[in-house]
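Asks: What follows is a single structure, and I will ask about it in a moment.
The values are calculated or read from the model by the stated rules, or taken from the named source; none is laboratory data. Keep in mind that what you see is a predicted model, and the values were worked out from it rather than measured. Here the Cβ positions follow ideal geometry from the backbone for every residue, glycine too, while neighbour counts run over all protein chains shown.
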Amino acid sequence: MSRVVFLEERCKGCRLCVEVCPMNILRASGRFNRHGYEVVAMDGKCTGCASCAVMCPDTAIRVFKSSGRTAAHEY
Amino acid sequence: MTYANNLHPQQGEKMVFDANPVLNERVTHYCPGCHHGIAHRLVSEVLHELGVADKTILVAAVGCSTFTYDYFNVDSVEAPHGRACAVATGVRRARPEAVVFTYQGDGDMAAIGMAESLHAANRGEKITTVFINNTVYGMTGGQMAPTTLIGQKTTTTRHGRNFSNEGGPIRLTEIMAGLQGVAYAARCALDSVKHVRKAKKAVRLAFDVQLDGLGFGFVELLAGCPTNWHMDPIAANKHIATDMIPIFPLGVFKDVKET
């Protein structure tokens with residue numbers, strides 16, 4: 001029920017967020033940013049714990065928790 | 001750098017995690033998976049929460065952390081190699097109202113600047129030191145540091161560090177805790193979410209002792225160097241948990257507020 005924004009141009013593809021996600025909903029996306037790093041994608045239900053953002057060395061993740069309706073996001 | 005407007009909370013949403021204004025938007029020069037970025041964020045969050053960023057002076061060291069001053073929105077001074085604590089002493093004495101901190105790696109602080117660091121701590125200078133321990137000289141290509149683990153292969157210990165030749169890893173936090181001038185000494189790791197959250201509390205307490213005028217605040221952060229350990233970032237995190245933490249035990253070794 002939460003929205004996670006990945007600032008893809010900041011991502012360095014280290015995958016620490018993929019490793020720490022307790023819901024295991026992050027994965028490598030197959031897309032690359034302009035620096036040549038493979039960015040991550042999310043599919044599944046996010047609880048908004050922000051573990052990925054806490055672990056991200058490049059502050060490339062923002063987390064929004066929604067109360068009530070599911071927020072629509074296109075990532 | 002401009003970001004899309006989906007970075008603002010929309011109706012019915014609460015921001016759970018946001019960047020803080022003390023850390024600027026520049027993308028760091030650190031390698032993928034390097035924990036310097038996490039350490040930067042923790043320090044900047046603490047400065048932001050304390051509301052002292054306007055009067056903070058950062059003394060940058062030499063090493064990968066040289067360019068720290070590019071990423072913090074605080075005033076900064078670049079010190080000669082290893083001498084960050086000595087420069088910080090001068091800055092703090094000349095500007096007693098300022099909050100002064102140094103950000104140093106293990107090659108800078110534990111090898112080249114050992115004398116300056118220990119004597120600044122022993123004098124009880126009212127500064128804070130964030131010490132990043134990744135067991136190698138990161139910037140110059142992975143040479144042995146004083147904190148290198150026994151058996152660890154580096155470019156200057158091709159067959160692994162051997163105690164009879166090179167000695168053992170220096171546990172700087174324990175040394176600092178034994179000095180009278182040190183008000184707070186703790187060691188944390190940055191390998192997991194739990195440890196990162198604990199590390200932020202330790203950084204906060206290391207700044208608190210400076211603001212209260214109690215003495216030298218010291219926090220050691222065990223960080224990963226995937227490039228020079230020749231590991232991927234996830235394996236480097238596991239290496240911290242399985243190999244580094246047994247040698248460098250985590251915890252608060254001195255806190256004058258507690259005793």
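Asks: Can you tell me which condition B:GLY217 does not meet? The list is (1) within 18 Å of the chain's Cα centre (by Cα); (2) outside any strand (DSSP E or B), and all the others hold.
Replies: That leaves (2) as the condition not met.
Asks: Could you tell me whether any residue of the stretch B:28-35 is polar (S, T, N, Q), at the interface with chain A (Cβ under 7 Å from one of its Cβ atoms) and more than 30 Å from B:VAL99 (Cβ to Cβ)?
Replies: No, the stretch B:28-35 contains no residue that is polar (S, T, N, Q), at the interface with chain A (Cβ under 7 Å from one of its Cβ atoms) and more than 30 Å from B:VAL99 (Cβ to Cβ).
Asks: Can you tell me which condition B:HIS195 does not meet? The list is (1) part of a helix (DSSP H, G or I); (2) closer than 17 Å to B:THR102 by Cβ; (3) within 14 Å of another protein chain (Cβ to nearest Cβ), and all the others hold.
Replies: Only one criterion is unmet by B:HIS195, namely (2).
Asks: Right, next: Could you list all residues from the stretch A:1-32 that are farther than 20 Å from B:ARG41 by Cβ, assigned to a loop (DSSP other than H, G, I, E, B) and either over 10 Å from the mean Cα position of the chain (by Cα) or in contact (Cβ under 8 Å) with a residue 60 or more places away in the chain (or both)?
Replies: Answer for the stretch A:1-32, where residues must be farther than 20 Å from B:ARG41 by Cβ, assigned to a loop (DSSP other than H, G, I, E, B) and either over 10 Å from the mean Cα position of the chain (by Cα) or in contact (Cβ under 8 Å) with a residue 60 or more places away in the chain (or both): A:MET1, A:PRO22, A:MET23, A:ASN24.
A quick yes/no check of all residues on (1) closer than 18 Å to B:HIS35 by Cβ; (2) more than 7 Å from every other protein chain (Cβ to nearest Cβ); (3) modelled with pLDDT of 90 or more:
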| residue | (1), (2), (3) |
| --- | --- |
| A:ARG3 | no, no, no |
| A:GLY13 | yes, no, yes |
| A:ARG27 | no, yes, yes |
| A:ALA41 | no, yes, yes |
| A:LYS45 | no, yes, no |
| A:CYS49 | no, yes, yes |
| A:MET55 | yes, no, yes |
| A:ARG69 | no, no, no |
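Asks: Checking the structure you have, find out if any residue of the stretch B:3-11 is surrounded by fewer than 17 Cβ atoms within 10 Å (Cβ to Cβ), touching a Ser or Thr at 6+ places or on another chain (Cβ under 6 Å), more than 25 Å from A:CYS14 (Cβ to Cβ) and at the interface with another protein chain (Cβ under 9 Å from one of its Cβ atoms).
Replies: no
Asks: Kindly provide the set of residues from the stretch B:220-259 that are small (Gly, Ala, Ser) and either crowded, with 19+ Cβ neighbours inside 10 Å or part of a loop (DSSP other than H, G, I, E, B) (or both), ordered by number. Spell out the reasoning first.
Replies: If we filter the stretch B:220-259 for residues that are small (Gly, Ala, Ser), which is where we start, we get B:223-224, B:235-236, B:241, B:251.
Result: B:ALA223, B:GLY224, B:ALA236.
Table: residues versus (1) among the small types (Gly, Ala, Ser); (2) at pLDDT below 95; (3) closer than 23 Å to B:ALA223 by Cβ; (4) touching a Phe, Trp or Tyr at 6+ places or on another chain (Cβ under 8 Å).
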{"residue": "B:LEU58", "(1), (2), (3), (4)": "no, no, yes, yes"}
{"residue": "B:CYS64", "(1), (2), (3), (4)": "no, yes, yes, yes"}
{"residue": "B:TYR69", "(1), (2), (3), (4)": "no, yes, yes, no"}
{"residue": "B:ALA88", "(1), (2), (3), (4)": "yes, no, yes, yes"}
{"residue": "B:ARG93", "(1), (2), (3), (4)": "no, no, no, no"}
{"residue": "B:ALA98", "(1), (2), (3), (4)": "yes, no, no, no"}
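Asks: Which residues, counting only those in the stretch B:174-202, are surrounded by 24 or more Cβ atoms within 10 Å (Cβ to Cβ) and among the β-branched types (Val, Ile, Thr)?
Replies: The one that is surrounded by 24 or more Cβ atoms within 10 Å (Cβ to Cβ) and among the β-branched types (Val, Ile, Thr): B:VAL182.
Asks: Next up: Determine whether B:GLY113 is in contact with a His (Cβ under 8 Å, 6 or more places away or on another chain), under 21 Å from B:ALA145 (Cβ atoms) and modelled with pLDDT under 95.
Replies: The answer is yes for B:GLY113.
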